[in-house]
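Trainee: Structure provided below as structure tokens; questions to follow.
Rule-based calculations on the coordinates, nothing more; no lab input. The structure presented is a predicted model; accordingly, all values stated were derived computationally and were not measured. Glycine also receives a Cβ, built like all others from the backbone with ideal geometry; neighbour counts cover every protein chain displayed.
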Amino acid sequence: MPGAARMKTFRAVSLEALSVVAALLIFLLGVGLRLLNLTNPPLDFHAWRQLRAATIARGMYYQMMPAEIQAEREVEISMINYFEILEPRLFERLVAITYYFTGGERLWIARLYTIAFWSLGGLALFLLARRIFSTPAALVTLVYYFVLPYGVTASRSFQPDPWMVMWIIWAAYAWHRWRESKGWKWALLAGVFSGMAVLIKVFAVYLIVAVSVLAVLAVQPFRKALRDSQVWVAAAVMILIPAVYYFGSTGNLASGYISGWVLGFQGLLLKPYFYVRWLNTLHSLMDLVAVIIGAACVTLFPQRSRYLMIGLWLGYLLIGLSVPSLIVTHDYYNLTLIPIVALSLAWLGQQVFEKLAELPWSWRYVFIAIALLGLAYPSWISRNTLVAVNYRDEVKGWQKMGQELPQNAKIIGITHDYGARLMYYGKVAVTMWPYAADQKMNLLAGGNINMNDSYWVEEFQRRTQGYDYFIVTNFVELDAQPVLKELLYGRYSYRTGEGYILFDLHSAP
């Protein structure tokens, strides 16, 4: 082999090796950021969603204990029933089992799981980007996926979404490999990974169906696909895994959820401000410029993998169009877009590294320095976000409040996070009075009731019937409901405690 050819081969191998090392370092950086302030109470990101899962997991944990301990923990166990079933409680069960085998309830265990889920998803994303382009190009994908500040916070929260994202990415990888090899191994894995994604959270079905259908049609015409045994087996596995759950015990709940959140807000699709708000949401979460560039890059992908990207983007758009209210009010419904944008940017990474290979080393060093600066900034933002707030003292306040409240009394009220903080830390179950935000959702769905209506006087009598006390811990929320505030202060005696007011509903004249 001539010397020039050997040097070219050596440099190519060196670039590949350096890229693998860089990928490993990005993995470690991403995991390290998420481990910061690990034991901080989960009040930093959608506290209601996380504490809901924590309360259910705790109840499940005590259900696994001997009968005498179950009797002592009857309150904690009963709190499981305060929450409707939104999706399979597999994550909560997994955490509860871990509590049992590790000897106690440690809430940060859930964070370790979600960090692991997100990291495993990152591995699949890296393998997919490298297979489509190259290892250096996959570095751009990893940086966006692991270091985006919103992603760092969201991907360590106690909720099923990071787990769902992991399965979606692995399903996309498996379908891409099946398209390449047309082998039984990848057909079966594609079916399993796809089914698991939908099982964890049903909204994954949009991405899974879009990716799988386009993967099949990229290989063969529709009529031929109908005669392909691999396609039928993959589809059967994909359907059977979630079907056992969704068409069994939760069929009625699922239909109610669809009618409430999907069908109830379809009028928003005709409102231009909805799309503006959606774009504003994306800009605040993951930088709209990056999202637009990523979407544009899809058109430039190699034809053999363009189907995959179209399927992923189409699936995300279908989520937003099916639950328009949630996509703009519950930001974690946009979590699936992070790996989609990250993978889309791999094309840009490929162009950059190809051009970089033509430059002298002096300019490569300049590029590396600038790239490291670009990596350091979002990493620092993520780090500061996680360590800036300590919620441990607040937990003590909720525990103290729970000890001061009347035992065995029926309480309704306005508390933080729909009562989840008081329920988990204070171990007091409170029936929630509607928030002003619920009224806004009612208006989005076409309702016409507002918090100033006299309707709430009659509604107050109906909702508080049979209750002993009305508690308020969220005073901003109370101020937003003038009719309720006037009713409480005008009719009932009350006592104050640290952070709360307790109205005696039996004291009305």
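Trainee: What residue among Y332, L217, L36 has its Cα farthest toward the positive end of the dipole of the chain, where the charges are +1 on Lys, Arg and -1 on Asp, Glu, each on the Cβ?
Mentor: The residue sitting most towards the positive pole is L217.
Trainee: Considering the values [x] 43.4; [y] 28.7; [z] 25.9, which represents mean projected area of the Cα convex hull in nm² as calculated for the structure under consideration?
Mentor: [y]
Trainee: Sticking with this structure for a sec: Please state the charge dipole magnitude for segment 392-504, taken about the Cα centre, from unit charges on C-beta atoms (+1 on K and R, -1 on D and E), reported in debye and rounded to the nearest 20. Don't skip to the end; give the middle numbers.
Mentor: Numbers: 12 positive and 14 negative charges, 61 e Å.
Here segment 392-504 has a charge dipole of around 300 debye.
Trainee: Also, quick follow-up: If I require 27 Å or longer along the helix axis, counting alpha carbons, and a Kyte-Doolittle average no lower than 0.5, what helices from the chain are left? Use full DSSP H segments.
Mentor: Working: long enough: 3-35 (48 Å, 1.38); 108-132 (36 Å, 1.21); 161-181 (30 Å, -0.24); 303-322 (29 Å, 0.74); 361-387 (38 Å, 0.83).
Qualifying helices: 3-35, 108-132, 303-322, 361-387.
Trainee: Please report the spacing between the Cα centers of segment 115-146 and segment 272-288 in Å, no decimals.
Mentor: With segment 115-146 and segment 272-288 each reduced to a Cα centre, they are spaced 25 Å.
Trainee: Another question, if that's okay. For the chain, give the share of DSSP beta bridges that are antiparallel, in percent and rounded to the nearest 5; count only bridges with both residues there. Please report the intermediate quantities before stating the final value.
Mentor: Working: 8 of 14 bridges.
Here the share of antiparallel DSSP bridges comes out near 55 percent.
Trainee: May I ask you to list the aspartates and glutamates whose Cα is less than 18 Å away from that of K185, ignoring any residue fewer than eight positions away on the same chain?
Mentor: Once the sequence-local aspartates and glutamates are set aside, what remains near K185 is D228.
Trainee: So, one more: Distance from the Cα centre of segment 454-509 to that of segment 397-414, in angstrom?
Mentor: 15 Å
Trainee: Another question, then. Taking the Cα centre as origin and putting +1 on Lys and Arg beta-carbons and -1 on Asp and Glu beta-carbons, what dipole magnitude results for the chain, to the nearest 20 debye? It would help to have the intermediate numbers written out before the result.
Mentor: On the way: 42 positive and 31 negative charges, 434 e Å.
Here the size comes out at about 2080 debye.
Trainee: A further question on this structure: Straight-line reach only, C-alpha to C-alpha below 19 angstrom: list the aspartates and glutamates that K400 could link to, leaving out same-chain residues fewer than 8 apart.
Mentor: Candidates past the 8-residue exclusion: E76, D417, E498.
Trainee: Right, something else. Among all the lysines, which ones have a C-alpha under 24 Å from K485's C-alpha, if same-chain residues fewer than 8 places away are not counted?
Mentor: Here the lysines satisfying the reach criterion relative to K485 are K410, K440.
Trainee: Counting DSSP beta bridges in segment 392-504, what percent are antiparallel, to the nearest 5?
Mentor: Working: 8 of 14 bridges.
Approximately 55 percent, going by the DSSP bridge assignments.
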